[in-house]
Amino acid sequence: MNTIAEIAGVIRKLKSALIFTHVRPDGDTLGCGVALSRALDLLGIRNQLLNEGEVPEKLRFLEGTEQILREPTIDAEGYICVDTSDETRLGELQKTFLKGAGKGKITVNVDHHVANTRYCRYNFVRDRASNCENVAELVRALGVKADERIANALLTGMVTDSGGFTHNDVNGDTFREAGLCADCGADVNRITYETFRRQSKARAALYAETISSLRFLLNDALAIALVTQDDLKKHGLKQDATEGIVDFGLTIEPVEVSVCLMEVREGQYKASFRSKGRINVNEVARTFGGGGHVLASGCMLFGSAEEAFDRISYAVAQAGNL
Ligand SMILES: [Mn+2]
């Protein structure tokens with residue numbers, strides 16, 4: 001593995017670069033990409049920022065994301081991947097990357113995933129709450145003073161990947177780097193509003209209705225929210241409007257497991273599980289052919305909503321010895 005100074009040395013010598021971000025882009029990979037692209041602009045290194053897909057609606061506020069291309073239009077000397085643990089995470093752009101690597105392009109990998117496969121010629125992988133913390137250090141090592149665009153981009157990654165500074169891997173470094181972003185003019189209020197709070201009136205109405213009919217089971221250890229296709233139709237919303245509903249149940253004190261059941265079509269429900277930690281919801285989801293993590297998982301259920309309530313309740317009771 002290389003040091004951040006070595007990575008900076010390699011990048012500074014480039015005349016041109018492509019910056020690769022991962023599939024289904026999140027605030028971290030786009031924050032890293034926008035910040036690094038701007039830093040290279042300031043150094044006079046010609047560069048293009050790439051992603052195989054669309055920028056999610058809620059990240060379009062971030063200045064710099066409008067420059068993202070699906071395919072490069074220049075033949076660059078260096079290929080830099082950010083927040084990407086292996087080449088397959090580049091999606092369609094994997095082909096472009098591998099072709100370049102095969103032709104001897106200078107490949108660089110800056111990531112925070114412990115499972116990173118070190119697939120580039122130069123690799124910097126360090127476990128951090130967000131990869132934007134690593135890129136913040138890289139920007140400094142490049143000798144670039146962060147402007148507002150860089151500060152906003154980096155803070156967006158830090159805020160989103162750390163769940164608003166709530167995840168277990170948040171440490172002093174996360175706050176120190178976030179503090180430097182604030183010093184450089186990052187708009188903390190705007191970023192937290194755009195990424196965590198902003199919603200449409202229709203989504204707020206769906207949320208209120210869903211929460212008011214939350215079902216409590218197992219002596220309030222289990223809370224289940226139900227969203228039907230009729231609910232979505234009534235408010236003119238798509239399935240992605242249910243994102244985040246499952247988190248509400250867990251804020252209620254005696255609730256150990258929160259579930260959001262979303263009707264995909266008649267007789268089919270997508271279940272999302274969240275746990276406070278006492279009950280392993282990966283185990284619960286696996287009994288239905290799904291899976292995930294101890295604290296967050298998901299699966300598909302077939303049958304009526306009432307049957308789904310019963311089966312989930314039984315599985316959670318089994319997993320938690322309730
Ligand atoms: Mn990340």
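Here are a few things to note about the model shown:
- Of the residues Val144, Val139, the single one that is closer than 15 Å to Cys32 by Cα, in contact with a Leu (Cβ under 8 Å, 6 or more places away or on another chain) and not in a helix (DSSP H, G or I) is Val144.
- Residues located in region 42-96, provided they are buried (at least 19 other Cβ atoms within 10 Å of the Cβ) and among the basic types (Lys, Arg): Arg89
- Where Leu93 falls short, out of the listed (1) within 16 Å of the ligand (Cβ to nearest atom); (2) over 30 Å from Arg198 (Cα atoms): (1)
- Taking the criterion of being assigned to a loop (DSSP other than H, G, I, E, B) and touching a strand residue (DSSP E or B) at 6+ places or on another chain (Cβ under 6 Å), the residues of region 210-251 that qualify are Leu214, Thr228.
- From the list Val259, Val316, the one residue that fits, being in contact with a Lys or Arg (Cβ under 9 Å, 6 or more places away or on another chain) and not assigned by TED's automatic domain parsing to the domain that holds Gly163, is Val259.
- Residues being within 19 Å of Gly104 (Cβ to Cβ) and either near the ligand (Cβ under 10 Å from one of its atoms) or outside any helix (DSSP H, G or I) (or both) - total across region 5-40: 8
- Pairing each residue of region 75-87 that is more than 12 Å from Leu36 (Cβ to Cβ) with any residue that is charged (D, E, K, R) and surrounded by fewer than 23 Cβ atoms within 10 Å (Cβ to Cβ), provided the two are 6+ apart or on different chains, yields C-beta distances under 8 Å for Ala76/Arg46; Ala76/Lys105; Glu77/Lys15; Glu77/Lys105; Tyr79/Lys105.
- The listed residues are Asp127, Asp75, and the only one of them that is within 18 Å of the chain's Cα centre (by Cα) and of a type in the set (Asp, Glu) turns out to be Asp127.
- Within region 97-124, the set of residues being in contact (Cβ under 8 Å) with a residue 60 or more places away in the chain, more than 12 Å from the ligand (Cβ to nearest atom) and of a type outside the set (Lys, Arg) comprises Phe97, Gly100, Ile106, Val108, Tyr122, Asn123, Phe124.
The values are calculated or read from the model by the stated rules, or taken from the named source; none is laboratory data. Computed from a prediction, not measured in an experiment: that's the story for all the values here. Because the Cβ atoms are built from the backbone with ideal geometry, glycine has one as well, and the counts that use them run over all protein chains shown.
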